[in-house]
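The values are calculated or read from the model by the stated rules, or taken from the named source; none is laboratory data. What you see is a predicted model; the values in this text were computed from it and never measured. Reconstructed Cβ throughout: ideal geometry from the backbone, glycine too, with neighbour counts over all protein chains shown. Heads up: the accessible areas ignore ligands, DNA and RNA and are worked out on the full protein's heavy atoms, side chains in. Shrake-Rupley method; radii C 1.70, N 1.55, O 1.52, S 1.80 Å.
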Amino acid sequence: MRLLVIVWLALALASCGAGRAGQGVAPAPTAAPAPPSTGILFAAPARESPTYGTRSSPDGIRGEQDAWRAAESLSRAAAARGLALQPDGRLADLAAWVASLVDARGKAPPSGVFDFGARHLGIAEDTPMVVTLAGGSAEERDQYVARALASTPANIGYNRFGVVSIVRDGLPICVVVIAVSMIDLEPVPRAMRVGSVLRLRGRLDASFRKHEVVVTQPDGTAKEIAERDGVGLDTPIALASPGAYRVEVLGSGPWGLTVVANFPVYAGVEPPRTVRIEPRAPSGTASPVTTESAHARLLELLNASRRDAGLAPVQTHEGLARIADAHTRDMAANGFFGHVSPTTGDPSSRVRAAGLKFAIVAENVGIGQSPEEVHRALLESPGHRANVLNTKLTHVGIGVALKDHEGRRDVIATELFARIAPPIDVAKAPSELLAKLNAARGRTGSTPLVMESALSDAASRGATLWLHDASLDKNAVLDAVVTDMDKQAKGGHPAWQKIGKAESFITIVSSLDDALTFESAVDPAARFVGIGVVQGRRGGEPDNAIAVVMIVGWPRK
């Protein structure tokens, strides 16, 4: 009897360099009703957990001899990697449900159902790896379980497993579920009232030095709720409107940000009891995945998600693509998965080493058996979703590597995002910025600032000096601006008969909105302003960097 194997491994990690994930994420617009799906409808497991948790439960090995043989084979393979696996009845519950969905020919259910089943059963950790074996001899099944674990990235510290073996109509079926549990989380209700506050309490593994909590709201936006040092978790989440809140806890450790928990909490609505999944194309009918086709498909899916959220597409960037491709090949060749490479460091380090500089850098990495699986895992992770839908990110480079494991082909992908400021009209920029400043002053009841030509002349000369003389740092530019103003005052410029004091500032930004940070500009006592704006390329600064020099003046007393 031929051994039929399905291995599902979907992993995703999100990282932001300069800038935070979740900033500038647009809400999903109201869409027209979707056409009826052609997918397969699956019912949830019969047992439903009212809460999420991370504590293991007994009875993690079920099915007598075959299950115990598979467990022993898995444990030996884990020990060879320095891992100690603990049986977990929660994972065996998931394995039993998956086994019940294997059809009479040994075909496993689509991979998209596994996360749904795990959450229905109250599993809070990131979606586990599922190995489904049907047919073959007991020895073949045992050997494949060991090889499946050996094929996973070496830095993933699997520590829990569940095994179930059954026989249906003479067909032996074995399902192995392997997971990573790196958080001790207090029980979390799966459903709560609208207006209530969810309190996340727990403790992450000691290998992490800080943690973050990111939540996808019912409107599709991803919001960072907390970022704190240490491993103690105590975070309130307001459930202000009805719908599903996808809650994600990430730990920052040796390999960068790692998802340690990811689950939906339902406010004012019932948790779903069915899921509809589009099946994969039948074997032999789909074109084989290549690096080129996977790259194109990931870009297509990425921009389709942005379009659905009302966002502009991200543009491809050759330099980012080279960095993303090198990191993906590094992961594939050296058997690790994460943002931090033992040889190239973190994403920001890789960007700097390539001689590039951007205002914001963010990175998603994922593994799946198709571009669609990778993208779905990214969208179901609030931290990744925040990067995909970040309004401030304008460019992307995608790297793809394919890795074959005895009939299974993993798609390993890196999406490296950055922001490059769009061109602005520098002639109009000072007046636009002044309007924004005065709008902010108006909200506090302050008198509008008046553009003073003498101050604007000095500010414009300072901005131009910054752009064209890369040997000058910001302090040197401001010294030149002060010298310029002193010459004006000593030369008897009439403006200085009404200006008693002036302060000058410089900032390098990627949009004019980012320049509204000078506290002196909102001082109610200030009356005058001069603004100089330039945009261009200067060594050591991001492409299309915008330099704003602002001089704020106060009247003579």
Among the listed residues SER510, SER504, identify the single one that is modelled with pLDDT under 90 and crowded, with 19+ Cβ neighbours inside 10 Å. SER510
Note: among ALA463, ALA439, ALA459, ALA359, just one is surrounded by fewer than 20 Cβ atoms within 10 Å (Cβ to Cβ) and more than 22 Å from ALA294 (Cα to Cα), namely ALA439
How do the strands (runs of 3 or more DSSP E) wholly within region 235-316 filter down when requiring 2 or more residues that are more than 30 Å from GLU186 (Cβ to Cβ) and either open to solvent by 10 Å² or more (accessible area, probe 1.4 Å) or in contact (Cβ under 8 Å) with a residue 40 or more places away in the chain (or both): which remain? 274-277
Is at least one residue of region 112-130 modelled with pLDDT under 85 and touching a Lys or Arg at 6+ places or on another chain (Cβ under 8 Å)? yes
Taking the stated definitions as given, is VAL131 within 17 Å of GLN369 (Cα to Cα), of a type outside the set (Ser, Thr, Tyr), more than 24 Å from the chain's Cα centre (by Cα) and surrounded by 22 or more Cβ atoms within 10 Å (Cβ to Cβ)? yes
Residues satisfying the stated conditions in region 185-218, i.e. touching a Pro at 6+ places or on another chain (Cβ under 8 Å) and more than 24 Å from PRO50 (Cα to Cα): SER207
For the structure I just gave you, tell me whether SER520 is open to solvent by less than 30 Å² (accessible area, probe 1.4 Å), over 32 Å from the mean Cα position of the chain (by Cα) and at pLDDT below 90. yes
For LEU478, state whether it is open to solvent by 20 Å² or more (accessible area, probe 1.4 Å), modelled with pLDDT of 95 or more and part of a helix (DSSP H, G or I). yes
Is region 541-548 home to any residue that is in contact with a Leu (Cβ under 7 Å, 6 or more places away or on another chain) and small (Gly, Ala, Ser)? yes
Somewhere in region 94-101, is a residue within 29 Å of the chain's Cα centre (by Cα), more than 16 Å from VAL167 (Cα to Cα) and not in a helix (DSSP H, G or I)? no
Which of the following residues is over 22 Å from ASP514 (Cβ atoms), free of Cβ contacts under 8 Å to residues at least 40 places away in the same chain, in contact with a helix residue (DSSP H, G or I) (Cβ under 7 Å, 6 or more places away or on another chain) and not hydroxyl-bearing (Ser, Thr, Tyr): ALA354, ALA401? ALA354
Please go through region 411-425 and give me each residue that is in contact with a helix residue (DSSP H, G or I) (Cβ under 9 Å, 6 or more places away or on another chain), open to solvent by 10 Å² or more (accessible area, probe 1.4 Å) and of a type in the set (A, V, I, L, M, F, W, C), ordered by number. ILE412, ILE424
Counting just the residues of region 134-167 that are part of a strand (DSSP E or B) and at pLDDT 90 or above, which one comes out farthest from GLN86 (Cα to Cα)? VAL167
Filtered residue count, region 523-544, keeping only those that are touching a Ser or Thr at 6+ places or on another chain (Cβ under 7 Å) and outside any loop (DSSP other than H, G, I, E, B): 4
Lone unmet requirement of (1) touching a residue at least 12 places away in the same chain (Cβ under 8 Å); (2) in contact with an Asp or Glu (Cβ under 9 Å, 6 or more places away or on another chain); (3) open to solvent by 40 Å² or more (accessible area, probe 1.4 Å); (4) not aromatic (Phe, Trp, Tyr) for ARG160: (3)
Take the residues of region 442-456 that are more than 14 Å from ILE506 (Cα to Cα) and among the hydroxyl-bearing types (Ser, Thr, Tyr): which is least open to solvent (accessible area, probe 1.4 Å)? SER446
Residue list for region 329-345, filter: among the charged types (D, E, K, R) and either farther than 22 Å from LEU302 by Cβ or without any contact (Cβ under 8 Å) to a residue 60 or more places away in the chain (or both): ASP330
Out of all the residues in region 95-106, is one or more more than 17 Å from PRO172 (Cβ to Cβ) and at pLDDT 95 or above? yes
Report yes if ALA206 is out of contact with any Phe, Trp or Tyr (no Cβ under 9 Å at 6 or more places or on another chain) and open to solvent by less than 10 Å² (accessible area, probe 1.4 Å), otherwise no. no
Which condition breaks for PHE505 when tested against (1) among the hydrophobic types (A, V, I, L, M, F, W, C); (2) farther than 30 Å from HIS395 by Cα; (3) assigned to a strand (DSSP E or B)? (2)
Working only within region 77-91, note down all residues that are open to solvent by less than 30 Å² (accessible area, probe 1.4 Å) and within 14 Å of PRO153 (Cα to Cα). ALA77, ALA78
Out of ALA362, ALA326, ALA321, sole residue that is in contact (Cβ under 8 Å) with a residue 40 or more places away in the chain, in contact with a helix residue (DSSP H, G or I) (Cβ under 9 Å, 6 or more places away or on another chain), within 24 Å of GLU227 (Cα to Cα) and small (Gly, Ala, Ser): ALA362
